[in-house]
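Working notes for the structure below.
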Amino acid sequence: MTFVGHVLFFVALVIVGVSGNIYNLIFTIQQQVKTRTIQTVGLILNVISISNIILVIATFALVVSVFQNPQIWCVRPYPLAIRIEAYLMMTCSFNSFWAIAWLSLFYCIKVVNFSSECFRALKRNISSVINAAVLLSCMLSCLLFFPLFSLDIVESLEQNDNVSDIANLTCPQPSLTLRINANAYAAAIICLLCPIPLMIMLPTSVRMVAHLCAHTLALKKNQTQVQGSDSYVLVCKITISLVGVYLSTLCIVALFFIIRFIGEFITYHTLASAFSFYSGMTSLLLTASNRYLKEKLWSMLCCRKSEEQASKSHTVVTGDV
């Protein structure tokens with residue numbers, strides 16, 4: 001691929017990953033200013049949008065740094081820019097992943113009826129609980145990934161017979177210079193990025209599916225609330241789709257790092273494409289699930305009159321369900 005081809009490719013990735021999130025962020029804040037309230041879904045939308053925007057930009061900056069100096073991972077000490085980019089990528093992906101997990105839990109508690117008094121009490125206070133959880137997870141991410149600023153090469157560079165061959169150039173694995181157990185730290189990060197959020201997303205999604213299936217069967221005998229149930233069906237579909245996008249992105253990113261760690265060559269196009277796909281798809285799904293954002297989009301496209309009724313019938317509002 002030529003230099004111009006590389007530039008066009010990555011510019012396209014940035015546009016795909018950022019544009020939808022900027023749109024969601026602007027109009028979500030606009031609605032919050034008008035109503036003078038920040039509801040739970042709006043807060044989660046803000047966190048996901050901001051995190052995705054920074055994630056795509058930080059990934060693009062990392063790719064540019066590697067493109068300018070393919071041997072940058074062999075430089076000691078690591079440039080500060082590389083450490084900042086790695087910190088922002090990890091922090092923002094953590095925030096975005098956990099925001100989706102909290103959104104799944106929020107919708108599940110709001111939609112599903114529980115017989116347990118404990119869950120009923122949780123349902124009455126779910127907005128406050130999720131708001132606190134979202135803010136705490138953001139604070140945790142800022143502290144959790146701070147040790148990444150100590151990333152460096154701790155061993156001498158292995159000399160390659162042909163250092164001009166960039167694809168075959170081997171560099172020591174990066175390590176933390178802080179006095180912490182690197183293996184335990186890496187295991188904690190992996191668990192917090194995948195298994196634990198997934199343990200929230202999957203059960204809540206499955207519970208919503210089971211509830212809505214039973215609810216739909218019950219409504220076959222009573223058609224009075226079919227339109228109201230459409231909103232919850234859409235919420236369920238969106239939540240499951242977000243989980244699918246999350247898992248797909250994790251698989252691609254994990255494959256990238258596994259190939260890098262075993263010493264094989266793989267371009268950073270894969271990493272950039274994965275995060276661009278994730279950011280673009282999550283912004284699209286969140287826009288489709290939100291009546292206010294969808295109506296604003298139709299009005300911008302001069303199609304509001306023809307789509308307004310369908311939008312009101314099949315989407316949910318930014319406010320809490």
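The values are calculated or read from the model by the stated rules, or taken from the named source; none is laboratory data. Remember, predicted model here, so these are calculated numbers, not experimental data. Neighbour counts are summed over all protein chains in view; Cβ atoms, including those assigned to glycine, are modelled from backbone coordinates with ideal geometry. Surface areas here come from the heavy atoms of the whole protein model, side chains and all, with no ligands, DNA or RNA. Shrake-Rupley method; radii C 1.70, N 1.55, O 1.52, S 1.80 Å.
A few remarks follow.
- Charged side chains reduced to their Cβ positions (Lys and Arg at +1, Asp and Glu at -1) give region 39-132 a dipole of some 200 debye around its Cα centre.
- Charge context of SER104, other residues only, Cβ under 12 angstrom, K/R +1, D/E -1: +2
- Computed from the Cβ-Cβ distance with R0 of 41 Å, the FRET efficiency linking ALA218 to ALA81 stands at 0.10.
- Take region 13-152 with all the other protein chains still there, run a 1.4 Å probe, and you get 44 Å² of accessible area per residue.
- Extension gain (nm, one decimal) between CYS251 and LEU202, 0.36 nm per residue minus Cα-Cα: 16.0 nm
- Full extension of the chain segment joining PHE149 with GLN68 gains 27.0 nm, where the gain is 0.36 nm per residue of separation less the Cα-Cα distance.
- Take the Cβ atoms of LEU234 and HIS269, set R0 to 41 Å, and the FRET efficiency comes out at 0.75.
- Ranked order, ILE109, ILE38 - accessible area, probe 1.4 Å, largest first: ILE38, ILE109
- Extension gain for ARG124-ALA184 works out to 17.8 nm (0.36 nm per residue, less the C-alpha to C-alpha distance).
- Of the residues PHE257, PHE114, ranked by 1.4 Å probe accessible area with the largest first, the sequence reads PHE257, PHE114.
- Solvent-accessible area of GLU117 with every protein chain in place, 1.4 Å probe, in Å² to the nearest 10: 110 Å²
- For ARG83, solvent-accessible area (1.4 Å; no DNA, RNA or ligand), Å²: 40 Å²
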